[in-house]
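One structure coming up, written as structure tokens, with questions to follow.
The values are calculated or read from the model by the stated rules, or taken from the named source; none is laboratory data. Note that the structure is a prediction, hence the values are computed from the model and not measured. We place every Cβ from the backbone using ideal geometry, glycine too, and count neighbours over all the protein chains shown. Please note that ligands, DNA and RNA were not included when accessible areas were found on the heavy atoms of the full protein model with its side chains. Shrake-Rupley method; radii C 1.70, N 1.55, O 1.52, S 1.80 Å.
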Amino acid sequence: MSKNLYIAGSGPGVVKAVVVLGVMELLAKRGLRIGFFRTVIQKDPSSDPLITLVKSRYDIATSEQSMFGCTEAVLNDLLSRDREDELHGLILEKYHNIESECDFLVCSGTDYRSINAALEFEF
């Protein structure tokens, strides 16, 4: 059985949060230790509405700092310096750290605000 699910939108402004919440609700009812991870966030995890909502709704013990791969500023910096491998490594390292703490991990993709849509599915 799979231990994770990646939820991506088709573009900016789609209501991906509804799908995330629906999946989280189903998993919570099964009694699993669920985790949540976002690949890229705008700036600070405490200002990310989806991280804040999921963390409070499902009483996730993991720190907000562990629930995302990188900020848009880090993403843009590494991509502008042609350090895509380092970017992937950073996101995967944080992903694997949180994955070890739960039975099932729901991942939410980017919001397409400052990222090329072609990169979305590389994460």
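Tell me yes or no: at least one residue of segment 38-50 is modelled with pLDDT of 90 or more, of a type in the set (A, V, I, L, M, F, W, C), under 15 Å from G109 (Cα atoms) and part of a helix (DSSP H, G or I).
Yes, there is a match, as at least one residue in segment 38-50 is modelled with pLDDT of 90 or more, of a type in the set (A, V, I, L, M, F, W, C), under 15 Å from G109 (Cα atoms) and part of a helix (DSSP H, G or I).
Tell me which residues, restricted to segment 23-48, are of a type in the set (K, R), exposed (fewer than 12 other Cβ atoms within 10 Å of the Cβ) and closer than 18 Å to K3 by Cβ. If you could, list the steps in order and put the result at the bottom.
So in segment 23-48, the residues of a type in the set (K, R) come out as 29-30, 33, 38, 43.
So of that shortlist, the ones also exposed (fewer than 12 other Cβ atoms within 10 Å of the Cβ) come out as 29-30, 43.
Listed by number, the residues that qualify are K29, R30.
Inside segment 12-50, can you point out the residues that are more than 12 Å from the chain's Cα centre (by Cα) and under 17 Å from E99 (Cα atoms)?
Once the filter is applied, which keeps residues that are more than 12 Å from the chain's Cα centre (by Cα) and under 17 Å from E99 (Cα atoms), segment 12-50 yields V23, M24, L27, A28, G31, L32, R33, I34.
Can you tell me which residue in segment 51-70 is most open to solvent (accessible area, probe 1.4 Å), limited to those that are outside any helix (DSSP H, G or I) and of a type outside the set (G, A, S)?
Only one residue tops the list, namely D59.
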